[in-house]
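Scroll down for the structure; my scribbles are underneath it.
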Amino acid sequence: RKGMVLVTAMIISAIVLLLGINIANIAAKQLYLTSFSKESQTALFMADSMLECVLYWDTVNGGVDSGGKSYFAIPGGTSPSNDDLKCLGDMSITNGERKDTGGSPRTFVFGIPSDSFNAATQVWTSVNIPCAQVTITKTDLGAGEIETTIQAQGFNTCDTSNPRRVQRGLEVTY
């Protein structure tokens with residue numbers, strides 16, 4: 001009977017050890033999910049911020065308040081100067097930091113932070129920060145009507161090789 005006490009103690013110890021391992025495993029998964037949620041929120045914030053910035057420059061600052069002329073050129077129009085376009089505070093977008101396809105439909109592509117975004121290759125040089133890319137497409141529907149589509153993509157990191165990189169996007173057409 002003395003051996004039974006030892007076997008019982010080993011079985012109880014094994015059960016307690018398994019419970020402890022399972023609880024630690026659940027806690028590790030919860031930490032991972034919490035971290036992913038934070039990164040997803042950062043990416044969505046970047047996309048939303050860029051979308052709001054472009055809407056401002058297209059409708060409020062360059063639209064109705066400026067006689068209906070958009071900050072972004074319509075198909076067949078001249079390309080605007082981006083020297084005054086600012087997003088996310090003081091981040092300026094300059095002509096060298098955006099891509100303008102011209103023609104119809106006319107597409108503009110730029111990214112934030114703009115000083116580390118190459119518009120021609122659409123790649124960031126600084127990778128350890130959140131970033132966003134926006135594409136504005138203006139299509140001439142005829143009879144003086146222009147359709148504008150804004151696609152904003154936010155990223156928790158600019159590093160395209162990061163396995164934990166999260167992308168969130170928003171699109172508006174008007």
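Any idea how many residues of region 152-174 are open to solvent by less than 70 Å² (accessible area, probe 1.4 Å) and among the aromatic types (F, W, Y)? Result for region 152-174: 1. Among all positions in region 134-144, there is at least one residue which is open to solvent by 50 Å² or more (accessible area, probe 1.4 Å), part of a loop (DSSP other than H, G, I, E, B) and out of contact with any Ser or Thr (no Cβ under 8 Å at 6 or more places or on another chain).
Here is a yes/no grid of residues against (1) in a helix (DSSP H, G or I); (2) open to solvent by less than 100 Å² (accessible area, probe 1.4 Å); (3) among the hydrophobic types (A, V, I, L, M, F, W, C); (4) touching a residue at least 24 places away in the same chain (Cβ under 8 Å):
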| position | (1), (2), (3), (4) |
| --- | --- |
| G3 | yes, yes, no, no |
| V16 | yes, yes, yes, no |
| K29 | yes, no, no, no |
| Y32 | yes, no, no, no |
| E39 | yes, yes, no, yes |
| L51 | yes, yes, yes, yes |
| V54 | yes, yes, yes, yes |
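The values are calculated or read from the model by the stated rules, or taken from the named source; none is laboratory data. As the structure is a prediction and not an experimental result, all values here were calculated from the model. Note that each Cβ is placed from the backbone with ideal geometry, even for glycine, and that neighbours are counted across all protein chains shown. To get the accessible areas, we keep the full protein, side chains included, count just its heavy atoms, and leave off ligands, DNA and RNA. Shrake-Rupley method; radii C 1.70, N 1.55, O 1.52, S 1.80 Å.
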